[in-house]
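Please read the structure below before turning to the comments.
No lab work stands behind these numbers, since they all come straight from the coordinates. Keep in mind that this is a model prediction, so the values were computed, not measured. Note that each Cβ is placed from the backbone with ideal geometry, even for glycine, and that neighbours are counted across all protein chains shown.
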Amino acid sequence: MKGIVFNVLESLIIEKFGDDVMEDIFDKAEFVSDTPPFIGPETYPDSDLIHAVTLLSEKTDISVSDLLFEFGKYMFPVLAETFPVFLEGFDSPLEFLKTVDGVIHIEVRKLYGDVNPPILRVEFVDENTAVLHYRSERKLCRLMEGLLEGLAAYFGRSITYHHLECMLDGADECILNIQFK
Ligand code: HEM
């Protein structure tokens, strides 16, 4: 995963849990990468990200699943601020979401070269409702749910979703019914 994702996790940890917790994680962590993943803009092993979140979970008693969700929620506005051009001209979160797979994740791939974003297919039901298909070897659907929550909040909306099928339960892809209110 790209360094930017690690940097956002670091900001979240410091902002929500404090410098001490971040330092403690650095002290305890045994990262796979040669350089600590929070330092630079390179690509680092996904396992280092999960390792950091697992240490945070042990420290805070919040489950990895819930932390990934909070991470996604926190990450969306940071991504939006880092890449404002992608948000320009949208007033519907669903219209925007449709561009993530075919435009945004492709542009960031061009920019960074070595990113490996998920597949996100959006089937419109109506202007606020869709069926979302998520596929990624990383199976980070809880992070995605958080990103959806952050996306809704960014547009001043709320969202309900039903996770109908889940890769974590062995499905080929996650399928969610989503509705923006
Ligand atoms: C301005 C908006 C966005 C930008 C610039 C962006 C960019 C990125 C980047 C750079 C990564 C890291 C990929 C890697 O290191 O391999 C990533 C991962 C990811 N993105 Fe986006 N993204 C955006 C919005 C969204 C939205 C709205 C969703 C879904 C609701 C989403 C879903 C994901 C997920 C789930 C991952 C984790 C990787 C995985 O599951 O395999 N992104 N994105």
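The figures follow:
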{"quantity": "GLU95/ASP169 FRET efficiency (R0 30 Å; Cβ-Cβ; nearest 0.05)", "calculated": "0.50"}
{"quantity": "Within straight-line cross-link reach of LYS181, lysines at Cα separation under 19 Å, skipping those fewer than 8 residues along the same chain", "calculated": "LYS73, LYS98"}
{"quantity": "Estimated inter-spin distance, LYS16 and THR54, nm [label 7 Å along Cα→Cβ]", "calculated": "1.9"}
{"quantity": "Paramagnetic reach from GLU88 (point 7 Å along Cα→Cβ, amide N under 20 Å) across the range 102-118", "calculated": "102-112"}
{"quantity": "Estimated FRET transfer efficiency when R0 is 35 angstrom, pair SER63-ARG121 (beta carbons, to 0.05)", "calculated": "0.80"}
{"quantity": "Radius 12 Å from Cβ of PRO41, net charge of other residues (Lys, Arg +1; Asp, Glu -1)", "calculated": "-1"}
{"quantity": "Under the span-like rule (Cα at least 24 Å along the axis, Kyte-Doolittle mean at least -1.0), DSSP H helices of the chain", "calculated": "64-82"}
{"quantity": "Per-pair calculated FRET efficiency, R0 = 30 Å: LYS28 and HIS162 via Cβ, rounded to 0.05", "calculated": "0.20"}
{"quantity": "Cα-centred dipole magnitude for the range 79-180, charges only on beta-carbon of K, R (+1) and D, E (-1), debye, nearest 20", "calculated": "240"}
{"quantity": "Furthest towards positive pole of dipole, PHE31, GLY150, LEU132, structure part the chain, Cβ charges", "calculated": "LEU132"}
{"quantity": "Cleavage-rule hits, GluC sites (Glu not before Pro), the range 87-171, DSSP coil, Cβ neighbours within 10 Å at most 16", "calculated": "GLU88, GLU127, GLU137"}
{"quantity": "Rounded if a/c under 1.5, otherwise prolate or oblate - the chain, Cα gyration tensor axes", "calculated": "prolate"}
